[in-house]
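In what follows, a single structure is set out as structure tokens and then discussed.
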Amino acid sequence: MLHLRSEGKRDNTVTMYADAVRWFAAEHLLTGGQPTDIDTRFDTDADTSADMLRFEPVRDWELVSRVHLRSWLVRLRHRQHKDAYVNNQYRCLQQFFKWLADEEEIANPMRKMKPPKVTPEPVPVFEQDEITRILSTAEGRDFLARRDLALMRLLADTGVRLQELTNLTTDDVDLDKRRARVTGKGGRIRWVRFTKRTAMVLDRYLRTRSRHENASLPRLWLSAKGGALTKSGIYQMLRRRATRAGVEHVHPHRFRHDFSHRYLDNGGAEGVLMELNGWDSRQMLRHYGRSAAASRAQRHYDQVMDRSA
């Protein structure tokens with residue numbers, strides 16, 4: 001963890017890597033691969049846990065082999081974790097064993113191992129009226145209504161990450177130019193744009209916020225009685241609003257998916273989207289591009305087939 005932090009990795013990333021290593025060690029290596037109640041819960045017609053690999057408990061990192069690693073990945077798949085999740089766990093362990101091999105000069109059991117394949121899945125976006133329904137739950141003039149509406153509209157307009165949204169300060173928002181300054185991964189700063197409607201909603205929130213008992217705090221989003229709104233607070237607020245609107249599976253990152261999909265689907269330039277979203281790699285762009293291309297293909301189908309009907 002010290003090594004990761006020295007490389008400038010975010011706290012969330014460091015925690016994710018460390019948790020993956022602890023989990024692998026505690027639940028697989030130290031138990032000798034013995035199945036738990038979680039494993040048997042996914043057994044169907046046959047006792048698939050009976051086919052899981054058992055081995056002598058491993059108490060030394062130098063004794064970890066590819067067999068132990070592969071059997072752990074199989075175990076995760078047996079628990080019906082998605083391809084992307086299994087791939088993520090693999091990459092966390094890969095970073096650990098790479099560090100261990102360099103630091104302790106021992107063999108790296110993951111050397112030349114291939115990562116689990118990830119089957120592309122549709123990007124989870126909103127249906128046409130779902131965002132409208134969620135936003136409609138925050139109609140009102142009180143502090144919470146104006147805060148929630150401004151927060152959700154900004155999220156929908158920009159697709160910023162949850163951490164970026166949480167860390168916004170009042171100085172980061174420029175209503176005249178309709179833009180916000182966000183600090184992304186690796187401390188990189190960029191500007192994101194929002195619509196005129198969102199600028200008006202933000203202005204109403206800021207005027208109401210000025211009367212808040214903690215108005216002097218720099219953070220843009222304040223809780224009703226306490227200090228700055230946390231990531232957990234934003235997440236819970238979205239869930240409450242979505243439940244009230246009758247929309248399922250709502251979380252902050254789904255707004256990011258939806259923004260990226262709509263931007264490309266409406267003809268937005270790929271390079272501009274990379275800048276707006278703070279992406280260095282085109283991998284995510286290809287992911288969202290497939291979704292937008294599928295949407296365009298369906299519309300084109302209707303245009304062609306309606307003429308022939």
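The table for this structure:
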{"read-out": "Residues located in the range 183-197, provided they are part of a helix (DSSP H, G or I), more than 19 Å from the chain's Cα centre (by Cα) and in contact (Cβ under 8 Å) with a residue 40 or more places away in the chain", "value": "R197"}
{"read-out": "Enumerated helices (runs of 4 or more DSSP H) restricted to the range 1-96, each holding at least 1 residues that are modelled with pLDDT of 90 or more and within 18 Å of N108 (Cα to Cα)", "value": "2-6, 11-24, 66-78"}
{"read-out": "Close pairs from the range 273-289: first farther than 17 Å from P124 by Cβ, partner of a type in the set (G, A, S), Cβ under 8 Å, at least 6 apart", "value": "L273/S260; L276/G159; G278/G184"}
{"read-out": "Those residues of the range 222-265 which are aliphatic (A, V, I, L, M) and either out of contact with any Ser or Thr (no Cβ under 7 Å at 6 or more places or on another chain) or within 16 Å of T137 (Cα to Cα) (or both), in sequence order", "value": "L222, A224, A228, I234, M237, L238, A242, A245, V247, V250, L264"}
{"read-out": "Looking only at the range 102-135, and only at residues there that are among the polar types (S, T, N, Q) and within 30 Å of L69 (Cβ to Cβ), the one that is nearest to the chain's Cα centre (by Cα)", "value": "T119"}
{"read-out": "Answer from R41, R66 - the residue that is more than 21 Å from the chain's Cα centre (by Cα), among the charged types (D, E, K, R) and over 23 Å from V118 (Cα atoms)", "value": "R41"}
{"read-out": "Residue in the range 122-137 that is more than 25 Å from K9 (Cα to Cα), modelled with pLDDT of 95 or more and assigned to a loop (DSSP other than H, G, I, E, B) present", "value": "yes"}
{"read-out": "Given (1) in the same structural domain as K231 (by TED's automatic domain parsing); (2) in a loop (DSSP other than H, G, I, E, B); (3) under 18 Å from the mean Cα position of the chain (by Cα); (4) not hydroxyl-bearing (S, T, Y), number of the condition A156 does not satisfy", "value": "(2)"}
{"read-out": "Matching residues, the range 80-121, being polar (S, T, N, Q) and under 15 Å from F24 (Cα atoms)", "value": "N87, N88, Q89, Q94, Q95"}
{"read-out": "Given (1) touching a residue at least 60 places away in the same chain (Cβ under 8 Å); (2) farther than 17 Å from R240 by Cβ; (3) crowded, with 17+ Cβ neighbours inside 10 Å, index of the condition A138 fails", "value": "(2)"}
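The values are calculated or read from the model by the stated rules, or taken from the named source; none is laboratory data. All values reported here derive from a predicted model rather than from experimental measurement. Virtual Cβ from ideal backbone geometry, glycine too; neighbours counted across all protein chains shown.
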